[in-house]
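All remarks here apply to the structure that follows.
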Amino acid sequence: MYECAKNKNGERTMKTFKFVTCIISAGLMLGALAGCNEPKPTETSATSSETTLDVIRFTDEPGSTSPVAVAASDGQVVVSDGPVVDSVDPVVDSGEPVIAPKNSVPTAVETPADNSTISYSAEEQEKANIFISNFAEVGFADFNVENKDINQLLNFVHVHYKINARDKIKYENKGGSSYETFKYEDALNTVGRYFGTGLKEDDLKKLPAPSAGGQGPFYEDGRIWYPTADGESYGRVGIVDSAKNNNDGTITLSFTIYTIDWDTYSNMSASDIKKYYKLTPKKADSDKTLTKSSSGTAKVGVGQSGNYFLMVYNIVK
């Protein structure tokens, strides 16, 4: 029951009254009673607020079942690829590696000191390793989102799907040649998730149509086309050695790329490879099945939910 005599915090207050008269007017009594019976104002949950979108949110966390709308840095709205199986987590059952479930960003990022070194927990180390491994496994080259190259973004999507999301690839025959194709909408979502940027279909329409002897990417009928190719090896993982807060909402990750021993890799399942994502730099360095192949740095943005997206990527041989 709603009480009249409450302070602004909802606490009951006690008032003492000194009666100076024995008779209170009926009008005053009715007025008081009417005030006590006023309907209780509708309460609003303290946790409710206007929904806002991260610059990019990686939402394919294990167990996720519903696509989530997110906004790319250029304002395009995209929808996450859904669970995958999983993108921006480790190679899980159906497989797309994804990264950084919400609330995984270290406290140092939220209350940074200039050039502060971030201390990762075991979980955060794994998430950072998974994120970098998405680029390491495809042999990703130097990149800067400020002067992004559409071909490089599409090449990433193509190989990423071949490794982690084969169900997104449709095989087509045209002019006597075989092609691996995927939808523009899927490419838009994946580029948004991993790079925090958009992909305009008008730009894709400037690409050539599929043709024999070409390398791709090609574009036709709302799909991106590449000549069918098999036999590639993607047995690489990235291990984050250190992370520094740039004090501007970004983090610089220093990492080492390792090649998995061929005999080991050729007998591994998608689930088996997850053990490498859990390695610390020290353990990776001493693992007999791993060989250092290169190192590099990655400047990543951090969304409000704590997920990473790539801004700059540099490899040192």
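If we keep just the residues of the range 128-166 that are of a type in the set (Phe, Trp, Tyr) and not in a helix (DSSP H, G or I), which is farthest from SER271 (Cα to Cα)?
Filtering first and then ranking leaves PHE143.
Please identify the pairs in which a residue from the range 246-273 that is hydrophobic (A, V, I, L, M, F, W, C) has its Cβ atom under 6 Å from the Cβ atom of a residue that is in a helix (DSSP H, G or I) and surrounded by 15 or more Cβ atoms within 10 Å (Cβ to Cβ), counting only partners at least 6 apart or on another chain.
From residues that are hydrophobic (A, V, I, L, M, F, W, C), the pairs are PHE255/ILE132; ILE257/ALA136.
Just checking, which of TYR179, TYR171 is among the aromatic types (Phe, Trp, Tyr) and surrounded by fewer than 18 Cβ atoms within 10 Å (Cβ to Cβ)?
Details: TYR179 fails: surrounded by fewer than 18 Cβ atoms within 10 Å (Cβ to Cβ).
On inspection, the qualifying residue turns out to be TYR171.
Provide a single number: the residues in the range 224-282 that are part of a strand (DSSP E or B) and surrounded by fewer than 20 Cβ atoms within 10 Å (Cβ to Cβ).
8
Going by what's in this entry, would ALA141 be described as surrounded by fewer than 13 Cβ atoms within 10 Å (Cβ to Cβ), aliphatic (A, V, I, L, M) and at pLDDT 90 or above? So that I can check it myself, show each step before the final result.
Values: surrounded by fewer than 13 Cβ atoms within 10 Å (Cβ to Cβ): no; aliphatic (A, V, I, L, M): yes; at pLDDT 90 or above: yes.
It is false that ALA141 is surrounded by fewer than 13 Cβ atoms within 10 Å (Cβ to Cβ), aliphatic (A, V, I, L, M) and at pLDDT 90 or above.
Only one of (1) under 18 Å from the mean Cα position of the chain (by Cα); (2) over 20 Å from SER121 (Cβ atoms); (3) not small (Gly, Ala, Ser) is not met by VAL300, so which one is it?
(2)
Please identify the pairs in which a residue from the range 299-317 that is of a type in the set (Lys, Arg) has its Cβ atom under 9 Å from the Cβ atom of a residue that is in a loop (DSSP other than H, G, I, E, B), counting only partners at least 6 apart or on another chain.
So the pair list comes out as LYS299/ASN246.
Determine, yes or no, whether TYR194 is surrounded by 14 or more Cβ atoms within 10 Å (Cβ to Cβ) and not in a strand (DSSP E or B).
Values: surrounded by 14 or more Cβ atoms within 10 Å (Cβ to Cβ): yes; not in a strand (DSSP E or B): yes.
In short, yes.
If you go through the range 283-301 one residue at a time, how many are assigned to a strand (DSSP E or B) and under 19 Å from PHE131 (Cα atoms)? Show your work before the answer.
Within the range 283-301, the subset assigned to a strand (DSSP E or B) is 290-301.
Narrowing further to those that are under 19 Å from PHE131 (Cα atoms): 290, 292-301.
Result for the range 283-301: 11.
How about the range 156-214: which of its residues are small (Gly, Ala, Ser) and more than 17 Å from ASN134 (Cα to Cα)?
Step one: of the range 156-214, the residues small (Gly, Ala, Ser) are 165, 175-178, 187, 192, 196, 198, 209, 211-214.
Of everything in the range 156-214, those that are small (Gly, Ala, Ser) and more than 17 Å from ASN134 (Cα to Cα) turn out to be GLY175, GLY176, SER177, SER178, GLY198, ALA209, SER211, ALA212, GLY213, GLY214.
Of the residues ASN144, ASN151, which is within 19 Å of the chain's Cα centre (by Cα) and among the polar types (S, T, N, Q)?
Numbers: ASN151 fails: within 19 Å of the chain's Cα centre (by Cα).
It is ASN144.
The values are calculated or read from the model by the stated rules, or taken from the named source; none is laboratory data. Note that the structure is predicted; figures quoted are calculated from it, not measured. FYI the Cβ positions are ideal-geometry reconstructions off the backbone, even for glycines, and counts take in every protein chain you see.
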